[in-house]
Amino acid sequence: MLFRPFAPRTLLPLAALAVALTLAVALTLAAGRTADEPSPVQGAVQSARRATISAEPLSDRRVHYDLTATLHADTKTIDGTARIVWRNPDRVPVSELQFHLYLNAFEGPETTFMRESGGAHRGFEAASDDPWGGIAITSMSLFRGDTSASDLLPALEFIRPDDGNPNDYTVARVVLAEPVAVGDSAVVDLTFTSRLPEIVARTGWLPGPTNRPFFMVGQWFPKLGVYEIPGQRYVPASAERGAWSTHQFHANSEFYADFGTYDVALTVPADHVVGATGVLVSESANAAPVHTKTLRYRAEDVHDFAWTASPDFLVHEDTWRHVGIRLLLMPTHAGQAERHLKATRMSLEGLDERLGTYPFTTLTVVDALGGANGMEYPTLITAGTFYGLPAWFRPLELVIVHEFGHQYFQGMLASNEAEEAWLDEGMNSYIETKVMDAAWPGGSVLDVAGIRISGRDFHRVAYTKNNPSRGALQTKSWEYRFGDFGKASYSKPATVMHSLEGYLGEERMDAFLKAYVAEWRFRHPTTRDLQRVAERVAGEDLDWFFDQYVYGTAVLDYRVDGFTSRRVADSLYVATVRLHRVHDGTFPVPVRVRFADGSTRDQIWRGEPAWENLTFRGTSPAVEVFIDPDNAVPLDINRLNNRRAAFSEHSSVFARRAQFRLTAFLQRLMFLIP
Ligand SMILES: [Zn+2]
């Protein structure tokens, strides 16, 4: 997800305006879309491909979902059936199953999600009379092969593991009459009805450009929680048995589920264009209900299944190595197809180079509407742009790089996003800046009239501008104080990882990231697992770093208090530099003294004690002192006090003013970007 500090509709008024302005143009272009759109036959042929490039399973596939969904576009509801197979991974029998029913987060104003989102009650925020959604399980039984099924519905009960809120119905459990034996599987058959909300938290419907609804269907079916076995994540290896890990749907939290396989049949109005997780296996027109079609998808080694449908999408296809790219574009943005595809290819290339191969054979990029943009699901991402987006402003590219990066951190590594959001959003924000800044050095986010903002600076400012001492990375997402989640899950971890890169050097950092992904993909790593890989690759203990900046809230600010330079012999000068650590954070950084003859000397300063004098010897008087002269540690919240010069105080004051202005500008810009 891309974090939005304000209401999730920053771009909506712009988009609405754009629709009004360009409807005529868009319709003209839409008429010409046949050239780009594959026929249903081509679609079916293309889908004969495998879902992944591996002949072997990539994950332990503890779950299998057989889902059917019939979309009723008029009522914005889905009638669904599910056969869910869960394999007991524990060494003891397990007698309970737990499910997430995430759509119930949007069923009324008193759910935990609605309460936590702080006054964003649907009645004020929504455009329609009835913006609410929800999911109801209408039947549930345990399938027993040759014997009769047993009804589970009476045993289904809602639980509130996080806050006890009696109005929250996002987690349910069912106790089975007979436990699932070791190595055995439970097969549960369900029917359910999902009522899609007006788009909220990236899910639901909105009126499309031709006034018929656009659907982004995420978190739409009953989904098992994760049963964690001893030794998995934070369950001690010595524990007698594992435990279910489920969380209510919170305002800030995302998801966590087991890997498995999905066979999904989607029945939609015949004229709707569909995009979904996995590969399309078949597509056929239905005799009944009339004017509908059914699309079958297969997905492997994924932990979720999402889809989108709209009669308005323009379809563009492309390939990058083994990956079939499918872009579903709103007609309003018909002119930006190549810009989307280019950003998608760049993302595939950039992540492949930094983190290893993307093992799936498809990637669907959806130009969704409003609050559905900027979201990741396995092999499907939503992007986000607006009409007339200038070339020098790159939120479009940034969102695609960011959401594609999630295919690694959220899709493959799949850490627990509710409990350790930074492992996904934060690591991904770091990688996003690496890809963006490599493509457009100096000004990847914005580059106009001499004002250039890099992805790295963008996140650094977002971290430093507001209470940097609040919000540790390792915090459960619903336990942050208001306003701290975004900073601590996106911008701060990006800045923390850039600083770790500054310490380790690019080569070791690169090796650490590759090893982390190779070792932990499809295995749900924790913060502790990430630290262990970093330490092993670095060849040293990194507690000092993780304790302060990942588990703790240390703030780094070093300053040059002053310096003197005196001649002690003919051509021997001694510079004494007075250094000050302003806050609690320490970090080894070089202090550089430049002498009048142009020579320089470096010494490492570790920030202990808080006040310290360092002496440097040179053959001429010292003229400048600079802490972290190569700007390797962006965690230092104030770089203006890192430098002192003996001369040109004038230019230094001028430079400071310019930098302050730039900082203020960046802060304002932060709120413009989706
Ligand atoms: Zn994200």
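The values are calculated or read from the model by the stated rules, or taken from the named source; none is laboratory data. It should be emphasised that the depicted structure is a prediction, and the values quoted were computed from it without experimental measurement. Glycine gets a Cβ as well: all are built from the backbone with ideal geometry, and neighbour counts include every protein chain shown. Surface accessibility is based on the protein's heavy atoms, side chains included, excluding ligands, DNA and RNA. Shrake-Rupley method; radii C 1.70, N 1.55, O 1.52, S 1.80 Å.
Odds and ends about this structure:
- Annotation: amide H-H contacts under 5 Å for ASP162 (H modelled 1.01 Å from N, sequence separation of 5 or more, or interchain): GLN248.
- In order through the stretch 294-301: 3J(HN,Hα) via Karplus (6.51 cos²θ - 1.76 cosθ + 1.60), integer Hz, x for Gly, Pro: 10, 10, 10, 10, 10, 10, 10, 6
- Across the chain, C-alpha contacts under 8 Å between residues 6 or more apart give a mean separation that, scaled by the residue count, equals a relative contact order of 12 percent.
- Looking at the chain, the accessible area is 39 square angstrom per residue; that uses a 1.4 Å probe and ignores ligands, DNA and RNA.
- Distance-filtered residues of the stretch 58-75 - backbone nitrogen under 18 Å, label point 7 angstrom along ALA287 Cα→Cβ: none
- Here the stretch 341-427 is treated as an ellipsoid with the same Cα gyration tensor; its semi-axes, largest first and in whole Å, are 21, 16, 12.
- At 1.306 mPa s and 10 °C, Stokes D of the chain from Kirkwood alpha-carbon radius, µm² per second: 59 µm²/s
- Pairs from LYS434/LYS492; LYS487/LYS514; LYS342/LYS492; LYS434/LYS514 whose Cα-Cα separation, in the structure shown, is over 19 Å: LYS487/LYS514; LYS342/LYS492
- Rounded to the nearest 20, the Cβ-based charge dipole of the stretch 306-346 about its Cα centre (Lys and Arg +1, Asp and Glu -1) stands at 200 debye.
- Once the Cα atoms are used to define both axes, helix 649-670 deviates from the longest principal axis of the chain by about 10 degrees.
- Phi angles across the stretch 350-359 convert, under the Karplus curve 6.51 cos²θ - 1.76 cosθ + 1.60 with θ = phi - 60°, into 3J(HN,Hα) values of x, 6, 4, 5, 8, 10, x, 5, 7, x Hz, Gly and Pro given as x.
- Every helix of 4 or more DSSP H residues in the chain counts as -39500 (n - 2.57), and over all residues that averages to -7500 deg cm²/dmol at 222 nm.
- The value of relative contact order for the stretch 421-549, using C-alpha pairs under 8 Å at least six residues apart, is 25 percent.
- Using a Förster distance of 25 Å, the FRET efficiency for GLU608-ASN631 (Cβ separation, nearest 0.05): 0.65
- Whole-percent carbon and sulfur share, accessible surface of the stretch 421-549, 1.4 Å: 47 percent
- Under a 5 Å amide H cut-off, with hydrogens placed 1.01 Å from N, VAL550 pairs with nothing among residues at least 5 apart or on other chains.
- Annotation: lysines with alpha-carbon distance below 30 angstrom to LYS76 (same-chain offsets under eight excluded): LYS223, LYS293.
- Ranked from largest, the principal axis spans of the Cα set of the stretch 527-622 equal 56, 27, 17 Å.
- Here, the stretch 62-258 yields an orientationally averaged convex hull projection of 12.1 nm² when only Cα atoms define the hull.
- Cα centroid of the stretch 416-489 to Cα centroid of the stretch 294-367, whole Å: 24 Å
- At 1.002 mPa s and 20 °C, Stokes D of the stretch 421-549 from Kirkwood alpha-carbon radius, µm² per second: 140 µm²/s
- Relative contact order computed over the stretch 129-171 (Cα-Cα under 8 Å; 6+ residues apart), in percent: 23 percent
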